[in-house]
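Student: Just dropping this structure here.
The values are calculated or read from the model by the stated rules, or taken from the named source; none is laboratory data. This one's a predicted model, so the numbers in the text were calculated from it and none came from an experiment. Virtual Cβ from ideal backbone geometry, glycine too; neighbours counted across all protein chains shown.
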Amino acid sequence: MSLRRKPKKDTLFSFFAPKFMTTAVILTIYILGSSIPIPLGDTVAEAKSNYIMQLTSSATGGNLTKLTLMSMGLGPYMIVMILWSVLAMIKPLGLGNLSEKESGYVRNLITLVVSIIQAIGIVMNFDLKLDLMYKAGIVCILLAGGFLTIYLSTINGSKGVGGMMLIMLFGIISGIGQQAGEGFKKISKSPHAVLITSIVILAILLIIVLSVLMERSEYRIPVTQVMINNDLNRESYIPIKPNASGGMAIMFAISMFMITSYLLQILAHHFPVGFLKIFEKGMSMYTFTGATMYIIVLFTLSIVFGFVNIDAGQLAEGLRNSGDYIKGVRPGKDTKRYINKYVWFFSVFGSIYICLIAGAPLYLGVLFPSYRKVVMLPGMALMCVGMIFTTQDQIRAGKSLYSYKKWIK
């Protein structure tokens, strides 16, 4: 006589429990990896005092305050995501015709190249009195830790909670705590410490409130659905957020700027040519030129991500195929142009907002070097709010699957 196993009940707990357990295990591995120092023998790794680079590194899940297994973070992976999206649009390259396995090999190869650049740059940011072979070994360890971080993020994106960016959120929070603590210590020595601290705290609270409003507000383009009752038709619309790119533009701008700085640093070190030295110094966020270039990159990426998140062509095609339409607008190309008009407006609006919050404070770091440790905090706060809401939306979407009563048992 065979015993049949009772089928497991499909409940909200059974849906979320494995996901939270997976995320807990991944964060535990990441924390342990971030605590494992790279063996340096009798040498002590002293980080050069580049506070902005240390804070921007934590924004991608890395750590430049000390050399550990997880010091790389997700910067190379994010850079490759941008490069691949751009290269895939160039039809002569034929990247769009590659199979998933082939494209995976190419992306991994590009990731390896970018990771090597970042690993060498990280080693150069520490005063290490070691020979070349020992430094090459450190680079290899950093590469291994970097790919482990990417792997953990990928697993969390498919089986955990919070998506691939949860490690970045954890790194940002820990980085903000560490750098803000040191920054406020320096501010406390100022004769106007109470006033400056109050202004910084109020500014961060205001930014958090504005970020919540920008994340949760939306402009709605009404859509007429021909097969739905008129009362229900009022709820049909295309939502467009005022800040369509969210915090993604800041993450990718930081990654691009960081990799470019490392590359120029490597080239200037091995080829001490005058113009390379000038470019290297110009790419520093401590300078007016570097801060301006960062804001330009941030503004451009904000607009790009606005169009990536809201694909007017795909929306117009979906409306035409379903028979739905926007009142007063012909289906097809006219609908695409109509939607693009709003995407352009809100992408530019969101780009200006992000540049004011995450870019403009860098000029204060240029004018007042003693406050460099806090100038990146507004942008970090904006990123945190965006990632927290993304995680909340993911959990809410999972809960909605179990919010309906079964009428067939």
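Student: Out of Ile296, Ile278, I need the residue that is at pLDDT below 80, assigned to a helix (DSSP H, G or I) and surrounded by fewer than 18 Cβ atoms within 10 Å (Cβ to Cβ). Which one?
Tutor: Answer to the check: Ile278.
Student: Still on this structure: Considering only residues that are assigned to a helix (DSSP H, G or I) and of a type in the set (Gly, Ala, Ser), look in segment 188-212 and name the one that is nearest to Tyr353 (Cα to Cα).
Tutor: Top of the filtered list is Ser211.
Student: Where residues in segment 64-82 are at pLDDT below 80 and surrounded by fewer than 23 Cβ atoms within 10 Å (Cβ to Cβ), which of them is farthest from Phe126 (Cα to Cα)?
Tutor: Here the answer is Ile82.
Student: Among the residues of segment 308-355, what is the count of those that are over 16 Å from Arg220 (Cβ atoms), of a type in the set (D, E, K, R) and surrounded by fewer than 19 Cβ atoms within 10 Å (Cβ to Cβ)?
Tutor: Going through segment 308-355 one residue at a time, the tally reaches 7.
Student: Just one of the numbered conditions (1) under 28 Å from Ile207 (Cα atoms); (2) of a type in the set (Lys, Arg); (3) modelled with pLDDT of 80 or more is not true of Arg330; which one?
Tutor: Looking at each condition in turn, Arg330 falls short on (1).
Student: Being at pLDDT below 85 and in the same structural domain as Leu142 (by TED's automatic domain parsing) is the requirement here; does Ser85 meet it?
Tutor: yes
Student: On to the next question. Identify all residues within segment 62-95 that are farther than 22 Å from Leu301 by Cβ and in a helix (DSSP H, G or I); write none if there are none.
Tutor: Within segment 62-95, Lys91, Pro92 meet the criteria.
Student: Restricting to segment 160-190, and then to whatever is surrounded by 22 or more Cβ atoms within 10 Å (Cβ to Cβ) and modelled with pLDDT of 70 or more, can you tell me which residue is farthest from the chain's Cα centre (by Cα)?
Tutor: Among those that are surrounded by 22 or more Cβ atoms within 10 Å (Cβ to Cβ) and modelled with pLDDT of 70 or more, it is Gly160.
Student: Can you pull out every residue in segment 356-387 that is at pLDDT 80 or above and surrounded by fewer than 16 Cβ atoms within 10 Å (Cβ to Cβ)?
Tutor: Leu356, Ala360, Tyr363, Leu364, Leu367
Student: Also, quick follow-up: Which of the residues that make up segment 108-140 are in a loop (DSSP other than H, G, I, E, B) and either free of Cβ contacts under 8 Å to residues at least 24 places away in the same chain or more than 18 Å from Ile259 (Cβ to Cβ) (or both)?
Tutor: Leu128, Lys129, Leu130, Asp131
Student: Somewhere in segment 106-114, is a residue modelled with pLDDT under 85, surrounded by fewer than 22 Cβ atoms within 10 Å (Cβ to Cβ) and over 21 Å from Ser284 (Cα atoms)?
Tutor: The answer is no; no qualifying residue exists.
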